[in-house]
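Written out below as structure tokens is the structure these notes cover.
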Amino acid sequence: CLMSNAQRNIFITQMKDTDIALYNILKCYRIEGNFELERLKYAVRKLVSNNDILRTIFGYEENNFYQYIHDYVDINIEYEENLEVDIKTAYMNHAKPFDLGKAPLFRIKIVSVDSGMYMLLDIHHIISDGTGDELFKQMLLDEYHGKTVIPEFQFKDFSEWERARDYSAQREYWY
């Protein structure tokens, strides 16, 4: 299906310089209490299977900007125990450019440092925003605690709705 207008703008800007992490959104969450890495991996796999946007890649073909949704995406969650690095350094080193043609467009790393254990999330803005980040976190927590959440709508539904809207009045005003 076609990209939303916002996704198209992000895609075009990102394609101008693919070697920078301009549109990466970094989050750092402190992990408290008992933590099970395998349970987190399972929760992330469930979250990805229930949310198309987390299995989506982006491309340009025949003068159109598309989002392609994979049926399955392999997720790798890194774990690092490094007592010599502070969390700020680990956090800043986590951001790397994404290839918008390869899923997933997010990374999770669990880091254990002197100050505690943290989950680092690096997610591309083309699949998330401030609201999306909070939804991601809440749905991941729900999945981790055994509560499956299947969204009523997927982002592709918004893209299709946006593409179907009549913008003729706005075009007439601005042009």
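The values are calculated or read from the model by the stated rules, or taken from the named source; none is laboratory data. Computed from a predicted model, the values in this text were never measured in an experiment. For neighbour counting, all protein chains shown are included, and Cβ atoms are generated from backbone atoms with ideal geometry for every residue, glycine included. Note: accessible area is taken over every heavy atom of the protein model, side chains too, but ligands, DNA and RNA are not part of it. Shrake-Rupley method; radii C 1.70, N 1.55, O 1.52, S 1.80 Å.
Worth pointing out:
- Taking all protein chains together, Tyr66, Tyr72 sort by accessible area into Tyr72, Tyr66, largest first [probe 1.4 Å].
- Using the Karplus relation 6.51 cos²θ - 1.76 cosθ + 1.60 with θ = phi - 60°, the per-residue 3J(HN,Hα) values for the stretch 26-40 come to 9, 9, 9, 10, 6, 9, 10, x, 5, 10, 10, 4, 5, 5, 5 Hz, with x marking Gly and Pro.
- Only lysine pairs 8 or more places apart or on separate chains count here, and in the chain those with Cα atoms under 13 Å apart total 6.
- Rounded to the nearest Hz, the phi-derived 3J(HN,Hα) couplings of the stretch 53-68 under the Karplus curve 6.51 cos²θ - 1.76 cosθ + 1.60 (θ = phi - 60°) are 4, 7, 10, 9, 10, 10, x, 10, 8, 6, 6, 10, 9, 10, 10, 10, where x marks glycine and proline.
- Rg [Å, one decimal], Dmax [Å, integer] - the stretch 132-175, C-alpha atoms: 17.2, 52
- Residues listed by number, the stretch 117-136, amide nitrogen under 18 Å from Ile77 label point at 7 Å toward C-beta: 117-124, 133-136
- Ligands, DNA and RNA left out, the accessible area of the chain computed with a 1.4 Å probe is 50% carbon and sulfur.
- Degrees between helix 5-16 axis and first principal axis of the chain (Cα, 0 to 90, nearest 10): 70
- Structure-based [θ]222 nm, the chain - -39500 (n - 2.57) summed over DSSP H runs of at least 4, per residue, nearest 500: -11500 deg cm²/dmol
- Helix axis angle, 155-164 relative to the chain longest principal axis, alpha carbon, degrees: 10
- Taking the DSSP bridge list for the stretch 54-175 and keeping only pairs wholly inside it, about 75 percent are antiparallel.
- Of (i) -0.52, -1.11; (ii) -0.62, -1.00; (iii) -0.81, -1.22, the label for log10 I(q)/I(0) by the Debye sum over Cα atoms at q = 0.11, 0.17 Å⁻¹ derived from the coordinates: (i)
- Theoretical gain in end-to-end length, Lys88 to Thr18 [0.36 nm per residue, Cα-Cα removed]: 22.7 nm
- In the context of the full set of protein chains, the stretch 43-175 has a per residue accessible area of 60 Å² (1.4 Å probe).
- Considering only Cα atoms, the convex hull volume of the stretch 42-112 works out to 95 Å³ per residue.
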